[in-house]
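Just below is one structure, and these are the notes that go with it.
We did not get these values from a lab; they are worked out from the coordinates using the rules stated. The structure presented is a predicted model; accordingly, all values stated were derived computationally and were not measured. All Cβ positions, glycine included, derive from the backbone under ideal geometry; neighbour counts span all protein chains shown.
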Amino acid sequence: MRDFVDELGVDGIVHVADVDGTIWESFGIYGQPAWVFVDDDGRTDAYLGGLGVDGLTQAVEALIAA
């Protein structure tokens, strides 16, 4: 995963290698693609499926506004 993060320059966010799926299961995610956003207070928003640029932007903006 380190090579992936370094290559894409996405080291500004936390990346976790969930090899056995335990973390995804704790969020109720059982398929990919999926996104889980966790805010500073520990609240989560989970999305099953691709978000695309617009969806990703909206999700991040909602977290910032919260």
(message) Going by what's in this entry, would VAL19 be described as of a type in the set (Val, Ile, Thr), out of contact with any helix residue (DSSP H, G or I) (no Cβ under 6 Å at 6 or more places or on another chain), under 22 Å from MET1 (Cβ atoms) and touching a residue at least 12 places away in the same chain (Cβ under 8 Å)?
(response) no
(message) Given the criterion at negative phi, of a type in the set (Val, Ile, Thr) and under 13 Å from the mean Cα position of the chain (by Cα), identify the matching residue among VAL5, VAL38, VAL19.
(response) VAL38
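Residues are listed down the side, and each one gets a yes or a no for (1) surrounded by 10 or more Cβ atoms within 10 Å (Cβ to Cβ); (2) in contact with a helix residue (DSSP H, G or I) (Cβ under 6 Å, 6 or more places away or on another chain); (3) polar (S, T, N, Q); (4) in a loop (DSSP other than H, G, I, E, B):
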| residue | (1), (2), (3), (4) |
| --- | --- |
| ASP6 | yes, no, no, no |
| VAL10 | yes, no, no, yes |
| ILE13 | no, no, no, yes |
| GLU25 | yes, no, no, no |
| TYR30 | yes, no, no, yes |
| TRP35 | yes, no, no, no |
| TYR47 | yes, no, no, no |
| VAL53 | no, no, no, no |
| THR57 | yes, no, yes, no |
(request) All but one of (1) without any contact (Cβ under 8 Å) to a residue 24 or more places away in the chain; (2) touching an Asp or Glu at 6+ places or on another chain (Cβ under 6 Å); (3) among the aromatic types (Phe, Trp, Tyr); (4) closer than 21 Å to ALA66 by Cβ hold for PHE37, so report the exception by its number. (result) (1)
